[in-house]
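See below for the structure under consideration.
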Amino acid sequence: SESLADASASSSPIAIWSETPSLTLGDALAQSQSLIDNTFDDQPELEATIRQLIGLAQLRGGKFEDAQLQLARSLELRKDQLGPDNPKSLELLLPIAEAKSKAGDVAGAITAATHAYDRHASVYGPDSEITRAAALWNARWFNSAFRFADAENYFENAMLTVGGTPDTDDPITLAAMIERVAVSVSEGELARAESHLRSAEPRISQLADSDTKLRTLFTRQFGMLLVLRGNVFELF
């Protein structure tokens with residue numbers, strides 16, 4: 001059987017791309033669906049990888065329902081070949097949750113996001129960096145969905161503590177401390193929000209000048225909080 005590289009001009013994604021230069025890579029490959037279906041019957045790992053690449057490209061390009069289908073099929077193949085706990089299977093779970101969310105399937109996204117975190121925690125342990133990164137993704141998503149109690153729980157899960165104190169040397173913990181302020185503000189807990197930021201402030205002041213993302217986020221959150229608490233004079 002032919003490969004993607006030497007497929008006929010009528011079905012090749014390269015031909016589709018050149019005929020319609022405005023297509024994204026995900027569009028071009030998706031239009032070669034029949035070619036993919038018929039080419040990799042005996043190469044499931046390769047098919048899973050290709051479908052993952054297509055799905056991620058479609059996710060970035062706004063083709064959310066198509067992305068769901070490709071990523072879900074990739075996950076099925078990975079589970080069959082490698083098992084559900086293999087890292088290559090687990091890495092598909094959050095993209096699937098994101099695709100569901102952006103396609104408007106809020107209930108499905110909640111289920112998928114919760115499942116993604118639970119599987120990461122089970123396989124890698126709750127304190128592992130990859131699990132806490134998944135928790136931070138979930139916290140951001142639940143916050144954006146106005147599910148503040150869930151967001152608060154996941155921000156807590158994202159944080160690494162040492163002797164009960166947040167480890168501000170850990171970048172995921174530091175990000176969670178700063179970003180969870182939005183949840184506290186939404187719930188009217190301004191004193192708690194300020195406490196989180198005050199705890200993070202010493203570490204923020206030690207960040208390298210090149211580390212602008214967290215510093216900018218902290219400054220924005222702190223400024224917003226001071227205004228809300230009436231402490232505008234601290235801004236100057």
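The values are calculated or read from the model by the stated rules, or taken from the named source; none is laboratory data. Bear in mind that the values here come from a model prediction, so they are computed numbers and not experimental data. Every residue, glycine as well, gets a Cβ built from its backbone with ideal geometry; the counts of neighbours run over all protein chains shown. The protein model used for the area step is the full one, side chains on, heavy atoms only, and it has no ligands, DNA or RNA in it. Shrake-Rupley method; radii C 1.70, N 1.55, O 1.52, S 1.80 Å.
Things worth noting here:
- Taking residues in region 63-81 that are at positive phi, and partners anywhere that are surrounded by fewer than 16 Cβ atoms within 10 Å (Cβ to Cβ) and in a loop (DSSP other than H, G, I, E, B), not one pair has Cβ atoms closer than 7 Å while being at least 6 places apart or on different chains.
- Within region 109-151, the set of residues being more than 19 Å from P84 (Cα to Cα), more than 15 Å from the chain's Cα centre (by Cα) and either part of a helix (DSSP H, G or I) or not acidic (D, E) (or both) comprises F146, R147, F148, A149, D150.
- Residue match in region 185-207 (condition: out of contact with any Pro (no Cβ under 6 Å at 6 or more places or on another chain), assigned to a loop (DSSP other than H, G, I, E, B), open to solvent by 70 Å² or more (accessible area, probe 1.4 Å) and within 29 Å of E98 (Cβ to Cβ)): yes
- Taken over region 150-164, residues that are farther than 11 Å from R180 by Cα and open to solvent by 80 Å² or more (accessible area, probe 1.4 Å) amount to 2.
- In a residue-by-residue description of region 77-87, the property of being surrounded by 17 or more Cβ atoms within 10 Å (Cβ to Cβ), modelled with pLDDT of 90 or more and in a helix (DSSP H, G or I) applies to at least one position.
- Residue selected from region 124-149 under the condition more than 12 Å from E179 (Cβ to Cβ) and among the hydroxyl-bearing types (S, T, Y), by the criterion surrounded by the fewest Cβ atoms within 10 Å (Cβ to Cβ): S128
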